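Colleague: Can you read through this structure? Questions will come right after.
The values are calculated or read from the model by the stated rules, or taken from the named source; none is laboratory data. Because the structure is a prediction, the values reported are computed rather than measured. Don't worry about glycine lacking a Cβ; one is built from the backbone with ideal geometry, like all the others, and counts go over all protein chains shown.
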Amino acid sequence: MDTHAAQSSVQVSSHPNLQSTKILDWEHPCVRKLAGELRLQAQSSRNYVQAVHQQLTSRLRPIYDLDELQPASVTLERGAGSCSQRMACLEAISRAGGGVCTRVRVLHVKGAFWYPRFPWLRAFMP
């Protein structure tokens, strides 16, 4: 285990923004496998997160989905996800392989923006 990995495992146990969660399930084998592959190529945490983003952009097809609680591992296995599901993958993989603290805050989305294109969303979005 290299020094960075050893430091990351110590940080994971002590920092709340590195913990595995129901959505950011970075301990899942498919998340850890991808994280490990990408970590080997990165020279810094910044390079690592950039590599994760590039990999996810090519690997995950964007879709419209309302399941905002879907685990990152499920999104990776399906090969497709909504904006927030793909963001969860970026966070989970960043935590898993780079020890990068992540915390995403969501802005309130106004349904009026989406209604002309997707009128059926009125049932789900105020």
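Colleague: If Tyr48 satisfies every condition in (1) surrounded by fewer than 18 Cβ atoms within 10 Å (Cβ to Cβ); (2) over 30 Å from Trp120 (Cα atoms) but one, which is the exception?
Modeller: Every condition holds for Tyr48 apart from (1).
Colleague: From the list Arg103, Arg95, Arg32, which one is under 19 Å from His15 (Cα atoms) and exposed (fewer than 13 other Cβ atoms within 10 Å of the Cβ)?
Modeller: Going through Arg103, Arg95, Arg32 in turn, the sole match is Arg103.
Colleague: A further question follows. Within the stretch 64-88, count every residue that is under 15 Å from Ser20 (Cα atoms), touching a residue at least 40 places away in the same chain (Cβ under 8 Å) and in a helix (DSSP H, G or I).
Modeller: 3
Colleague: Can you name the residue in the stretch 51-94 that is among the charged types (D, E, K, R) and within 9 Å of the chain's Cα centre (by Cα) and, of all such residues, is nearest to Leu24 (Cα to Cα)?
Modeller: By that ranking, first place goes to Glu91.
Colleague: If Ala42 satisfies every condition in (1) at negative phi; (2) modelled with pLDDT of 90 or more; (3) of a type in the set (Gly, Ala, Ser) but one, which is the exception?
Modeller: (2)
Colleague: Just name the residue that is modelled with the lowest pLDDT out of those in the stretch 45-62 that are part of a helix (DSSP H, G or I) and of a type in the set (Lys, Arg).
Modeller: Only one residue fits best here, namely Arg46.
Colleague: Also: So is Tyr115 surrounded by fewer than 15 Cβ atoms within 10 Å (Cβ to Cβ) and touching a Ser or Thr at 6+ places or on another chain (Cβ under 7 Å) or not?
Modeller: no
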